[in-house]
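One structure is given here, and the rest of the page talks about it.
The values are calculated or read from the model by the stated rules, or taken from the named source; none is laboratory data. Just so we're clear, the structure is a prediction, and the values are computed from it rather than from any experiment. No Cβ is skipped: glycine too gets one built from the backbone with ideal geometry, and neighbour counts run over all protein chains shown.
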Amino acid sequence: MTHGIVCAAQPEAAEAGALVLKAGGNAVDAAIACAVTQGVVDPLMTGIGGVGSALVHDAKSGKTENINFLGVAPASAREDMWVDAIEGETADAFGFILRERINALGHQAPMVPGNLKGYDILLHDYGTMNWSDVTRSAIAYADGGWIVRPHVYFYAMQDEEAQGRVHNTDIVGYTSEGRTLYLESDGQFKRPGSLIRNPELGRILKNIASEGIDVFYKGDIAKRIDEDMKANGGLMTQEDLANYQAVRAPALEGSYRELRLATNRPGGSGIQVLETLNILENFDLSCLEHNSAEYIRVLAEAISYAFNDKRNEVGDPAFVDVPLDTLS
């Protein structure tokens, strides 16, 4: 591809995608290279242990596919297992506060990760390159090191405790390895300009590059995760990893005035976007001064109604009957 734009939160990730385009890869190849690199240089935002969702539009067929590789609870989890541990809700209504923060910190907290499964589907069905091609930059940054950028530091140090959530430094510093990698001796995240090397992550990425994602979901890495979980009272097992499947479906579609919209399906939050726009379609926003009090009030009310509907009606489609036609 001779022309393209790569957008990412960190320049190293964007550069990784651009290098793939220059090497002849297509947009999907570049997106995967970008995402894997982002997981190295911005570890609190994404990574191979994370989850995600993708929309892919095929210009030839005109079809848009949604691939949800969101996290799922381990098979041993039960809907009522933490009922007695609930202490309240976060200040921004974006989660619940549990005793000892067991839902956010420690070996019982993780969902079964989906990123690598989703990336693999994208690469196989829409890309042109292989895993060794798209992990090259990520491996180089893991082995050689990456510079802590100001926004990485800012996010790591912002006061999540004020909302009732676990502080990000407690998350990355939960293990001795994490503390050594990411924290200063005073417990704060390493300062902007610091160099972080993560050769163990580099080794894992090299294994994925040479053996594919089965090494993570069914092979040696899965076995190591299983052993660590069992040793520390965790919920996730090797079987959970081996059984994980991404969900593929046509994109959820809607419209806003004359525009056709495509977004992800539940359990993603695309349906909230569609409902918000459906509400706003009933208002002539052009009559309101941009960012005036009335303009912001209308937007805020629309977002609030859609958020409440999502909160009350939307969940994992495997367990919840989501009223798509009503909300979108």
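Some points to look at:
- Any chance ILE5 is under 15 Å from the mean Cα position of the chain (by Cα), β-branched (Val, Ile, Thr) and outside any helix (DSSP H, G or I): no
- So ARG165, is it surrounded by 15 or more Cβ atoms within 10 Å (Cβ to Cβ), basic (Lys, Arg) and without any contact (Cβ under 8 Å) to a residue 60 or more places away in the chain: no
- Only listed residue being touching a Gly at 6+ places or on another chain (Cβ under 6 Å), of a type outside the set (D, E, K, R) and buried (at least 18 other Cβ atoms within 10 Å of the Cβ), chosen from THR263, THR237: THR263
- Listed by first and then second residue, the pairs linking a residue in the stretch 289-312 that is at negative phi to a residue that is β-branched (Val, Ile, Thr) and exposed (fewer than 12 other Cβ atoms within 10 Å of the Cβ), with Cβ atoms under 9 Å apart and 6 or more places separating them unless they lie on different chains, are ASP309/THR326.
- Pairs with Cβ under 6 Å, 6+ apart, first in the stretch 126-153 and without any contact (Cβ under 8 Å) to a residue 12 or more places away in the chain, second crowded, with 22+ Cβ neighbours inside 10 Å and not in a strand (DSSP E or B): none
- The set of residues in the stretch 60-98 being basic (Lys, Arg) and touching a residue at least 24 places away in the same chain (Cβ under 8 Å) consists of LYS63 alone.
- Any chance MET111 is touching a helix residue (DSSP H, G or I) at 6+ places or on another chain (Cβ under 7 Å) and either within 23 Å of GLY52 (Cα to Cα) or hydroxyl-bearing (Ser, Thr, Tyr) (or both): no
One line per residue, one yes/no per condition, for (1) on the phi > 0 side of the Ramachandran plot; (2) in a helix (DSSP H, G or I); (3) surrounded by fewer than 20 Cβ atoms within 10 Å (Cβ to Cβ); (4) small (Gly, Ala, Ser):
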position	(1), (2), (3), (4)
ALA13	no, yes, no, yes
ALA16	no, yes, no, yes
GLY25	no, no, no, yes
ALA30	no, yes, no, yes
GLY39	no, yes, no, yes
MET45	no, no, yes, no
GLY49	no, no, yes, yes
THR64	no, no, yes, no
ASN68	no, no, no, no
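- Residue count for the stretch 188-223, restricted to those that are touching an Asp or Glu at 6+ places or on another chain (Cβ under 9 Å) and not in a helix (DSSP H, G or I): 8.
- As a summary of the residue check, ALA300 satisfies the conditions (1) under 30 Å from ILE147 (Cα atoms); (2) out of contact with any helix residue (DSSP H, G or I) (no Cβ under 6 Å at 6 or more places or on another chain) except for the one numbered (1).
- Residues being in a strand (DSSP E or B), exposed (fewer than 15 other Cβ atoms within 10 Å of the Cβ) and on the phi < 0 side of the Ramachandran plot - total across the stretch 70-91: 3
- The one condition in (1) in contact with a helix residue (DSSP H, G or I) (Cβ under 7 Å, 6 or more places away or on another chain); (2) part of a helix (DSSP H, G or I); (3) surrounded by 15 or more Cβ atoms within 10 Å (Cβ to Cβ) that TYR153 fails to fulfil: (1)
- In the set (1) farther than 27 Å from ASP226 by Cβ; (2) out of contact with any helix residue (DSSP H, G or I) (no Cβ under 6 Å at 6 or more places or on another chain); (3) not β-branched (Val, Ile, Thr), MET45 fails one condition alone, (1).
- Subset of the stretch 173-201 [buried (at least 19 other Cβ atoms within 10 Å of the Cβ) and not polar (S, T, N, Q)]: GLY173, TYR182, PHE189, LEU201
- GLU227 among the acidic types (Asp, Glu) and at pLDDT below 95: no
- Any hit, the stretch 92-99, residues being in a helix (DSSP H, G or I), of a type in the set (A, V, I, L, M, F, W, C) and surrounded by 15 or more Cβ atoms within 10 Å (Cβ to Cβ): no
- When the residues of the stretch 45-74 are filtered to those that are of a type in the set (A, V, I, L, M), modelled with pLDDT of 95 or more and under 30 Å from LEU195 (Cα atoms), the one that is farthest from the chain's Cα centre (by Cα) is ILE48.
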